[in-house]
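As C-alpha cells, the structure follows; a few thoughts come after it.
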Amino acid sequence: MPRRPHLTLAAILLVTGPTALAGCGYGAVEVTPHEPEPGSADVCAALHDALPNTVDDAVERDVDPPSEYVAAWGQPAVVLRCGVAMPASYRPDAQLFEIDGVGWLPDEGDGGMFFTAVDREILVEVAVPDDYAPEANVLGDLASAILGTVPERELR
C-alpha cells in the first residue's frame, strides 16, 4: 500500500507563525487551497457548519486561506478536508474502520494517519497526527456532523 505524505509536510498541515491567533493562541493552520470534487460544495458547506468546536479536547482553529471545505483543530493540527477524491489505496474489499456509523479507510502517513470516510456520497478526509492516538476519539467526535450532513452510499 503506498504511503501518504508526511503529515506536517503535506501542505495541508503546515502551521504559520504567530500571525493570526486563533483557538488557544495558536496561529492559523496554513492549508493548500482545496477545491472540492464537482457536485460536493453544498454538502461540504453544510458539513462545515455542523462540525464540532472540539475534537478529542482539541479546540477548533482558523485555516489560512479560509475555506468552508477545510477545518482544523489543535496543535499539532487535525485537519479535515471535504470533497476529496477516492484514495488510491481503496479497493472494494478494503478493511474499513466503522466508528459511530461512519466507515473510514485508513492510510499511513509519516507522523500520523489519514482516514477517509468512503461510505459517503461525498468523501471526507481527516489527517490525524500521532499525538491523537487512539484516532477513534477524533473520528468519533466528527461522526455526528458527517452522519447529519453527508449522505451514505453503497460501497462497490
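Add +1 for every Lys or Arg and -1 for every Asp or Glu among the other residues with Cβ under 13 Å from the Cβ of ASP131, and state the total.
With Lys, Arg at +1 and Asp, Glu at -1, the net is -4.
Sticking to Cα atoms, compute the Rg of the stretch 7-149 to one decimal and its Dmax as the biggest Cα-Cα distance, whole number, in Å.
Values for the stretch 7-149 (Cα only, Rg and Dmax): 14.0, 45 Å.
Just want the answer: with Cβ charges of +1 for Lys and Arg and -1 for Asp and Glu, which residue in PRO36, ASN53, PHE97 is farthest toward the dipole's positive end in the stretch 7-149?
Going by the charge dipole, the pick is PRO36.
Quick one: what Rg and Dmax do you get for the stretch 94-156 from the alpha carbons, in Å?
11.2, 33
As a footprinting exposure proxy, order CYS44, CYS82 by other Cβ within 10 Å, with the fewest listed first.
In increasing order of surrounding Cβ atoms, one gets CYS44, CYS82.
Taking the Cα-to-Cβ direction at ALA133 and at LEU155 and moving 7 Å from each Cα, how far apart do the two end points lie in nm?
Label-label distance for ALA133 and LEU155, simple model: 2.4 nm.
Taken together, the values in this text are just the output of simple stated rules run on the coordinates, not laboratory data. Because the structure is a prediction, the values reported are computed rather than measured. Neighbour counts run over all protein chains shown; Cβ positions are idealised from the backbone, glycine included.
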